[in-house]
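Reading through the structure tokens given below for one structure.
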Amino acid sequence: ALLNKKPSLFVLVLAGLLLGILTGLFFGEGAASLKVIGDAYIGLLQMSVVPYVVVSLITGIGRLNPTSSVRILTRTVIGAVVLWLLTILTAVVVPLGYPEWDSASFFSASLIEERQGLDFLEIYIPANPFNALSNNFVPAIVIFSIAVGLALMGIQGKSTLLDPMDRFGEAMLGVSGFIVKLSPVGVFAIATSTAGTLRIDEFDRLQIYFLTSVLAWALLTFWTLPMLIASRSHLTLRRILRCSRTPLLTAFATGSLLVVLPLLAD
């Protein structure tokens, strides 16, 4: 019976990751050609993320009433502040484990070039929502969606708009679910190209950074954040980790949390 049981998506993605690493180490630089397959896979995952974020925020906030929205907003702000503090604490503590490097200095023309700074107004203020959507400015997209949702809270007959948007959000989850079935292939391509182009001397120099980051990542992923969720819900720590293991592994392999937002929501 165990032999006839179909392996789960998590097992397939994990197998793709490990097999990709071994393949990349065996073929070396020749495996770099698979990078285009990994990039295509990430692009397909991103295809449904932004539309899903927009419709889920608008429908979720738009269906609230003013009384319940104050309570939910308060809890949301508290949760966001806690996560921000954890992130800042991690960013401050982790570099303390890094060694000091004595490197030679050299002149480069790029050192005297004026660097173009980030336009925070463009990133956070949705002056042109279509520009924010086309350039994946997630903060601006979120602010725009929240503003539309808040405006819909006091409108009569809003279900005429929200019900179709709910169906559209379900469709985006369906698209994401279909693409996720390709995860073993996409993760294999990403792992192969990465392992094939990583030199041993680079890994030897950076291993302390890898180990420190992995320890911090493991503490946040497998203990801190799941315990926060478990303390505010009826879910157990084991169930939280079991439900989120595929998105976690996919985010680790792709290096992007944005692409797995629909998976986390689902």
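With a Förster radius of 30 Å applied to the C-beta separation of Ile88 and Ser33, the computed FRET efficiency comes to 0.15.
When only the Cβ of Lys, Arg, Asp and Glu is charged (+1, +1, -1, -1), the dipole of the chain relative to its Cα centre reaches about 1380 debye.
Give the calculated FRET efficiency between Leu25 and Leu96 to the nearest 0.05, with a Förster radius of 30 Å applied to their Cβ-Cβ distance. Using R0 = 30 Å, I get an efficiency of 0.40.
With springs only between Cα atoms under 10 Å, which of Ser213, Ser134, Ser193 fluctuates most in a Gaussian network model of the chain? Judging by the Gaussian network model, the answer is Ser134. Short-range pairs are left out: with C-alpha atoms under 8 Å and at least six residues apart, the relative contact order of the chain is 44 percent. Taking 0.36 nm per residue of separation and subtracting the current Cα-Cα distance, fully stretching the chain between Glu122 and Met153 would add 8.5 nm. How much of the calculated P(r) for the chain lies past 22 Å, in percent of all Cα pairs? Percent of Cα pairs beyond 22 Å in the chain: 70. Mean-square fluctuations from a GNM of the chain, with a 10 angstrom spring cutoff on Cα atoms, peak among Thr250, Thr197, Thr74 at Thr74. For the residues Leu89, Leu220, a 1.4 Å probe over the protein chains yields an accessible-area ranking, largest first, of Leu89, Leu220. For segment 147-241, applying the loop criterion from DSSP together with a ceiling of 12 other beta carbons within 10 Å to the trypsin sites (Lys or Arg not before Pro) yields Lys181, Arg199, Arg232. Taking Lys35, Lys6 and ordering them by how much accessible surface each has at a 1.4 Å probe, largest first, produces Lys6, Lys35. Residue order by solvent-accessible surface for Leu152, Leu237 is Leu237, Leu152, largest first, with ligands and nucleic acids left out and a 1.4 Å probe.
Per-residue surface analysis assigns Trp223 an accessible area of about 130 Å², computed on protein heavy atoms at 1.4 Å probe radius. Simple rule: put +1 on each Lys or Arg Cβ and -1 on each Asp or Glu Cβ in segment 142-211, find the dipole, and look at Leu198, Pro184, Ser145; the Cα lying farthest toward the positive end is Ser145. Against the longest principal axis of the chain, how steep is helix 159-180, in degrees 0 to 90 to the nearest 10, with axes from Cα atoms? Its long axis makes an angle of about 20 degrees. Rolling a 1.4 angstrom probe over the protein chains, ignoring ligands and nucleic acids, what is the accessible area of Glu170 in square angstrom, nearest 10? Roughly 110 Å² of Glu170 is accessible to a 1.4 Å probe. Need the C-alpha centroid separation for segment 169-243 versus segment 49-98, integer Å. With segment 169-243 and segment 49-98 each reduced to a Cα centre, they are spaced 20 Å. Just the accessible area per residue of segment 1-101, please: how many Å² with a 1.4 Å probe? Here the residues of segment 1-101 average 68 Å² of exposed surface.
Does anyone have the angle between helix 138-153 and the longest principal axis of the chain? Alpha-carbon axes, 0 to 90°, nearest 10? Roughly 10 degrees between the two axes.
Here the accessible area of the chain is 69 percent carbon and sulfur, with a 1.4 angstrom probe and all protein chains present. In the context of the full set of protein chains, residues of segment 120-259 present 62 Å² of accessible surface per residue (probe radius 1.4 Å, heavy atoms only). For the chain, the longest principal axis of the Cα atoms and the long axis of helix 200-219 meet at an angle of about 30 degrees.
Largest GNM mean-square fluctuation among Leu215, Leu225, Leu248, using the chain with Cα springs under 10 Å: Leu215. Helix content alone sets the calculated 222 nm mean residue ellipticity of the chain: runs of n ≥ 4 DSSP H residues at -39500 (n - 2.57) each, divided across all residues, give -23000 deg cm²/dmol.
Relative to the Cα centre, the charge distribution of segment 1-79, modelled as +1 at Lys and Arg Cβ and -1 at Asp and Glu Cβ, gives a dipole magnitude of about 460 debye.
The values are calculated or read from the model by the stated rules, or taken from the named source; none is laboratory data. Given the structure is predicted, the values throughout are model-derived calculations rather than measurements. Cβ sites come from the backbone with ideal geometry, for glycine too, and all protein chains shown count toward neighbours. Surface accessibility is based on the protein's heavy atoms, side chains included, excluding ligands, DNA and RNA. Shrake-Rupley method; radii C 1.70, N 1.55, O 1.52, S 1.80 Å.
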